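Have a look at the structure below, then the notes.
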Amino acid sequence: MESVLRAALVYFMLLVLFNLAGKRAMSETNTFDFVVLLIISEAVQNALIGEDASFTNTVLVVTTLLGLTIAMSVWKYRSARLEKVLGGGPLILVRHGQLFEDRMRMARVDVPDILMAARNGQGLERLDQIKYAVLEESGSISIIPRQESQA
Amino acid sequence: MPDEVRRLDDLDIEQDMRMQRRVWVAQRAGWTVMAAVVAAALMGVFGGTGPLNRRVVTAASGRWTVRHPPLGRMTAEVPMRVAFHGGARFNVARVWLSTSLLDGMNVTRVTPEATRRVARADGVTYEFERLGASDAAVVTFSLQPTRWGRATGQVGTRDGERVTVSIFSFP
């Protein structure tokens, strides 16, 4: 019982903490962020396994974690509200070249982030070429370019 | 089309600003809680070292004290120091730890090493020869909580004096 409870507690603790970090924090992984994630996995490992490094305990922990992942995905599929609570849903940051600065500030997204997404995704050069910039639930920024006739 | 998807201008999107603002408020409240947790941990509220995690219990005679952290964490070391005062010198000193204290704790190390260890139904007595002869008369027990929760017991010396020690261990 302890293995399952421990795994469940760790799962929900990570779910809460990573959601508190915000979607932008999780999508932007530079080298240092990657190292931090590795360290987190090491720190969590002891809490998951404790003193019991047996194969049985490992199977129980992995099964519990995957089971909870599946359960959450089913629940999110059935409940749009839960999906929004956990991720906040997509968020329009730019519309027809105009920035929603308050939303950007709250989402911790700045203009260089949007311009980088515009260059990477669409090869755009300027802000006024952007019809919509949407911060997705994954933390990535989707760019919809203006049509040539609209620019 | 699902209810949550709306059309804004010519973009179909499930943006919900009311929910988004609530998420932001909850996030910022969560950040405050995280900061409070870190600050409390620095103060020793969750075990380990910290100014709020120190307790000294003095025997009725005033001749010896027990210094220990009242908060610990499971499997993490909890040091308990039994100090004899007034330039005490012992040919043989005895420190007794009650069974009720040892029920939730492992004694992983004793410094200095005990010359003898006697286990009885009510507890374990550690004997130290020539304690205080060349150094301060202090015995340090490294305790390791084996379960979470409160462990309460007694520490005593050869003259029968006892003090109560209570340590809460976080899971």
Looking at A:Gly121, A:Gly87, can you tell me which residue is modelled with pLDDT under 90 and farther than 16 Å from A:Leu15 by Cβ? A:Gly121
Restricting attention to the range A:60-78, which residues are among the polar types (S, T, N, Q) and either open to solvent by less than 60 Å² (accessible area, probe 1.4 Å) or within 14 Å of chain B (Cβ to nearest Cβ) (or both)? A:Thr64
Counting only residues that are within 10 Å of another protein chain (Cβ to nearest Cβ) and among the hydrophobic types (A, V, I, L, M, F, W, C), the range B:26-49 contains a total of 5
When the residues of the range B:64-80 are filtered to those that are touching a Gly at 6+ places or on another chain (Cβ under 8 Å) and closer than 30 Å to B:Phe90 by Cβ, which remaining residue is farthest from the other protein chains (Cβ to nearest Cβ)? B:Pro69
Where the second residue is open to solvent by 30 Å² or more (accessible area, probe 1.4 Å) and not in a loop (DSSP other than H, G, I, E, B) and the first is touching a residue at least 12 places away in the same chain (Cβ under 8 Å) and lies in the range A:112-127, which pairs have Cβ atoms under 6 Å and are six or more apart or on separate chains? A:Gln122/A:Pro145; A:Leu124/A:Pro145
Looking only at the range A:23-48, filter to residues that are under 13 Å from the mean Cα position of the chain (by Cα) and within 14 Å of chain B (Cβ to nearest Cβ); which one of those is most open to solvent (accessible area, probe 1.4 Å)? A:Met26
Spot the failing condition for A:Asn57; the list is (1) assigned to a helix (DSSP H, G or I); (2) surrounded by 12 or more Cβ atoms within 10 Å (Cβ to Cβ); (3) within 14 Å of another protein chain (Cβ to nearest Cβ), and only one is missed. (3)
Any chance A:Leu15 is in a helix (DSSP H, G or I), under 24 Å from B:Arg73 (Cα atoms), touching a Leu at 6+ places or on another chain (Cβ under 9 Å) and not basic (Lys, Arg): yes
Tally, over the range A:2-22, of residues that are within 12 Å of another protein chain (Cβ to nearest Cβ) and either touching a strand residue (DSSP E or B) at 6+ places or on another chain (Cβ under 7 Å) or among the small types (Gly, Ala, Ser) (or both): 2
Exactly one condition in (1) open to solvent by 30 Å² or more (accessible area, probe 1.4 Å); (2) of a type in the set (A, V, I, L, M, F, W, C); (3) modelled with pLDDT of 90 or more is false for B:Val155; which is it? (1)
Looking only at the range A:79-91, decide whether some residue is away from chain B (no Cβ under 14 Å), out of contact with any strand residue (DSSP E or B) (no Cβ under 7 Å at 6 or more places or on another chain) and hydroxyl-bearing (Ser, Thr, Tyr). no
Filter the range B:14-71 for residues that are in contact (Cβ under 8 Å) with a residue 12 or more places away in the chain and more than 22 Å from the chain's Cα centre (by Cα); the one that is most open to solvent (accessible area, probe 1.4 Å) is B:Arg63
Odd one out for B:Arg120, checked against (1) open to solvent by 70 Å² or more (accessible area, probe 1.4 Å); (2) without any contact (Cβ under 8 Å) to a residue 60 or more places away in the chain; (3) within 14 Å of chain A (Cβ to nearest Cβ): (3)
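The values are calculated or read from the model by the stated rules, or taken from the named source; none is laboratory data. Everything numeric here is computed off the predicted structure, so don't read it as measured data. Heads up, the Cβs are rebuilt from the backbone with ideal geometry, glycines too, and the neighbour counts pull from every protein chain shown. To get the accessible areas, we keep the full protein, side chains included, count just its heavy atoms, and leave off ligands, DNA and RNA. Shrake-Rupley method; radii C 1.70, N 1.55, O 1.52, S 1.80 Å.
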